[in-house]
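J.: Shown below is the structure under consideration.
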Amino acid sequence: MGKEILKMANICKSFAGTQVLHDVNFDLRAGEVHALMGANGAGKSTLMKVLAGVYLPDSGTIAHNGRVIPLKGTVHDAQLDGIAMVFQELNILPHLSVLENIFIANEIVNKGIYDWKAMRKRAREVMDEVGVDFDLDARAGDLPVATQQMIEITRALNLNSNVIIFDEPTSSLTMQETDILFALIGHLKEKGVGMVYITHRMSEVYQICDRITLLRDGRLVFSDDIANVDNQRLLAGIVGSENTNQFPEKYHHEGEVIFEAKNVTSKGLYEDVSFQLKDGEILGFAGLAGAGRTEIAKTIFGCYNLDEGELLFEGKKLDVKNPVDAVRQGIGYVSEDRKVEGILAVRPIRENMSLPSMMTLGKGLHIRNNQEKDGVNKLIDSLKIKTTGMEQKIENLSGGNQQKVCLAKWLMTNSKLLLLDEPTRGVDVGARADFYQLIQDLVKQHIGVIVISSEEDELIGLCNRIIVMREGKKVGEFNEDEKNLKEKMLKLMLDI
Ligand SMILES: Nc1ncnc2c1ncn2[C@@H]1O[C@H](COP(=O)(O)OP(=O)(O)OP(=O)(O)O)[C@@H](O)[C@H]1O
Ligand SMILES: [Mg+2]
């Protein structure tokens, strides 16, 4: 392992009087991948934003390349110093081109004007070195998330950063995209770049990280070599107790068919898909990104039209014209992309949670307000949402806690069918267990639940039946008791 290139000492940080980091120490060596782990709201993103210059700490020091750096709390200073961060919620300016995004605030200037030719050449060099390729003239916002992330990494490398922070980089990547990212991380390691890797996925930590630092409630729990940290110690450290059983017992009751898709096709999205959802069961959808799972869910939610086939809800032909219509008919959809579709960032938790239920709560304003507050508080409690209160703006919650609010808003409606698209993305292992329990409870109350997930273990742990999709087609369907289920699912998903 290389020499120490970074040392953060006794970092403290408060927001509006609430201390979220308490005397945290963290160090990084050249060529290491250092995992930063901990429950939602533990302070991971905040600690790294202090490092990246987004926040000024209340106290503490940061030494980089053996020199204590003056802290000004601007990203630009940190970047010039060679510290770059790929944010949990990516930081691309969607209306600008890829090239403009790579050089933003760092343009090459020649005789007082921007030298786009030189920038284009430099961008190509970095891309070649990294082994990525994308259209520099494309509008960044039109590109898939994985490409946007690669653009951010290219930007970091262009600045010759020797410290790169990845905040949950794989949470919106497919399996292949993750492989590409890991190859890139391996390459950067060889070049001696030190990397901080924030994730909730244990398997990734064991796959690519050299050391682990664990935070709980803003305090350092331990920092240790990966060889000394087994799964049990890690889980116990994150959850803060020995109880690390993730999946609750499944509910077994097969009732009437609640929902049915009969040979549905939406041209260009999916083709000839049929399935049934019965009362008392959880139905899972496995597949890679682009397999058509999200599109089917969004069709049920009124976002796309059917070209062929029909959908039946409680025995009647489903006719939803748009999402509002879908909510009125008792259908809820938790989006995989909370940034675009899920939240009103600058509005309080209370409003975010009660938005869909406003259409179904009681009529009188007074009753509505009380019902609303009761409901919101109950859910903050049961999902253990880490917040200063229901009036806190959602953008000030940690990533995982924002996701919990997205779930909660559908739990507040009286939905009869819930479509959950990657519901636990970014949610820590402890909170997942609570959430899984909640889902099992909903099913007992005769609410139909469909779960789309790119984590096979989650589908297997939660669902009674799993449908596998590939390239817009249904390619398999399994019961929970199928032998070697994971292997069979993967084979079908990947077509191997
Ligand atoms: N700008 C802010 N204003 C107020 N509170 C904030 C702000 N940013 C973070 N917090 C609070 O600080 C705490 C730590 O949040 P942080 O985002 O660092 O958590 P995290 O460990 O990254 O969690 P996750 O795994 O959910 O992403 C949370 O309680 C959060 O609500
Ligand atoms: Mg975070």
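The values are calculated or read from the model by the stated rules, or taken from the named source; none is laboratory data. Since this is a predicted model, take the numbers as computed values, not measurements. Quick reminder, even Gly has a Cβ in these numbers, built from the backbone with ideal geometry, and neighbours come from all protein chains shown.
J.: Look through 49, 72 and report the one residue that is in contact (Cβ under 8 Å) with a residue 12 or more places away in the chain, among the basic types (Lys, Arg) and within 16 Å of ligand 1 (Cβ to nearest atom).
T.: 49
J.: I need the full set of residues from the stretch 117-132 which are surrounded by fewer than 17 Cβ atoms within 10 Å (Cβ to Cβ) and at pLDDT 85 or above, in order please.
T.: 117, 118, 120, 121, 122, 124, 125, 128
J.: Here is a further query. Among (1) away from ligand 1 (no atom under 13 Å from the Cβ); (2) modelled with pLDDT of 90 or more; (3) under 29 Å from the mean Cα position of the chain (by Cα), where does residue 63 come up short?
T.: Unmet for residue 63, out of (1) away from ligand 1 (no atom under 13 Å from the Cβ); (2) modelled with pLDDT of 90 or more; (3) under 29 Å from the mean Cα position of the chain (by Cα): (3).
J.: Taking the condition of being closer than 21 Å to residue 168 by Cα and either within 11 Å of ligand 1 (Cβ to nearest atom) or not basic (Lys, Arg) (or both), how many residues in the stretch 388-433 meet it?
T.: Qualifying residue count for the region: 27.
J.: Go through the residues of the stretch 26-37 one by one and say whether even a single one is away from ligand 1 (no atom under 12 Å from the Cβ), surrounded by fewer than 21 Cβ atoms within 10 Å (Cβ to Cβ) and over 14 Å from residue 194 (Cα atoms).
T.: No, every residue in the stretch 26-37 fails to be away from ligand 1 (no atom under 12 Å from the Cβ), surrounded by fewer than 21 Cβ atoms within 10 Å (Cβ to Cβ) and over 14 Å from residue 194 (Cα atoms).
J.: May I pose another question? State which residue pairs qualify: first residue closer than 12 Å to residue 388 by Cβ and inside the stretch 15-28, second residue of a type in the set (Ser, Thr, Tyr) and at pLDDT 95 or above in any location, beta carbons under 6 Å apart, and separation of 6 or more residues or different chains.
T.: 20/46
J.: Yes or no: residue 281 assigned by TED's automatic domain parsing to the domain that holds residue 457, acidic (Asp, Glu) and closer than 17 Å to residue 466 by Cβ?
T.: yes
J.: Condition (residue is within 30 Å of residue 12 (Cβ to Cβ), surrounded by 19 or more Cβ atoms within 10 Å (Cβ to Cβ), assigned by TED's automatic domain parsing to the domain that holds residue 197 and not aromatic (Phe, Trp, Tyr)) applied to the stretch 86-102: is it met by at least one residue?
T.: yes
J.: Condition first: surrounded by 13 or more Cβ atoms within 10 Å (Cβ to Cβ) and either out of contact with any helix residue (DSSP H, G or I) (no Cβ under 9 Å at 6 or more places or on another chain) or assigned to a loop (DSSP other than H, G, I, E, B) (or both). Now tell me which residues in the stretch 308-322 satisfy that.
T.: Those that are surrounded by 13 or more Cβ atoms within 10 Å (Cβ to Cβ) and either out of contact with any helix residue (DSSP H, G or I) (no Cβ under 9 Å at 6 or more places or on another chain) or assigned to a loop (DSSP other than H, G, I, E, B) (or both): 309, 310, 312, 314, 318, 320.
J.: So residue 101 passes all but one of these: (1) assigned to a loop (DSSP other than H, G, I, E, B); (2) in contact with a Lys or Arg (Cβ under 9 Å, 6 or more places away or on another chain); (3) at negative phi; (4) in contact (Cβ under 8 Å) with a residue 24 or more places away in the chain. Which condition number does it fail?
T.: (1)
J.: Could you identify the single residue in 21, 6 that is within 16 Å of ligand 1 (Cβ to nearest atom), buried (at least 22 other Cβ atoms within 10 Å of the Cβ) and modelled with pLDDT of 95 or more?
T.: 21
J.: Further, regarding this structure: Report yes if residue 165 is away from ligand 1 (no atom under 16 Å from the Cβ) and either in the same structural domain as residue 39 (by TED's automatic domain parsing) or within 17 Å of the chain's Cα centre (by Cα) (or both), otherwise no.
T.: Spelling it out, it is not the case that residue 165 is away from ligand 1 (no atom under 16 Å from the Cβ) and either in the same structural domain as residue 39 (by TED's automatic domain parsing) or within 17 Å of the chain's Cα centre (by Cα) (or both).
J.: Which one of these is closer than 30 Å to residue 52 by Cβ, assigned to a helix (DSSP H, G or I) and aliphatic (A, V, I, L, M): 184, 173?
T.: Among 184, 173, only 184 is closer than 30 Å to residue 52 by Cβ, assigned to a helix (DSSP H, G or I) and aliphatic (A, V, I, L, M).
J.: Would you check if there is a residue in the stretch 394-417 being in contact with a helix residue (DSSP H, G or I) (Cβ under 7 Å, 6 or more places away or on another chain), under 30 Å from residue 18 (Cα atoms), among the β-branched types (Val, Ile, Thr) and free of Cβ contacts under 8 Å to residues at least 40 places away in the same chain?
T.: No, the stretch 394-417 has no match at all.
J.: Any residue in the stretch 319-330 that is of a type outside the set (Val, Ile, Thr) sitting within a Cβ distance under 7 Å of a residue that is assigned to a helix (DSSP H, G or I)? List the pairs, counting only those 6 or more apart or interchain.
T.: 328/359
J.: May I pose another question? State the number of residues belonging to the stretch 40-59 that are crowded, with 19+ Cβ neighbours inside 10 Å and more than 16 Å from ligand 2 (Cβ to nearest atom).
T.: Result for the stretch 40-59: 2.
J.: Filtering the stretch 15-39 down to residues that are in contact with an Asp or Glu (Cβ under 6 Å, 6 or more places away or on another chain) and in a strand (DSSP E or B), which residue is nearest to ligand 2 (Cβ to nearest atom)?
T.: The selected residue is 33.
J.: Quick test for you: out of 276, 232, pick the one residue that is surrounded by fewer than 18 Cβ atoms within 10 Å (Cβ to Cβ), under 30 Å from residue 205 (Cβ atoms) and out of contact with any Pro (no Cβ under 6 Å at 6 or more places or on another chain).
T.: 232
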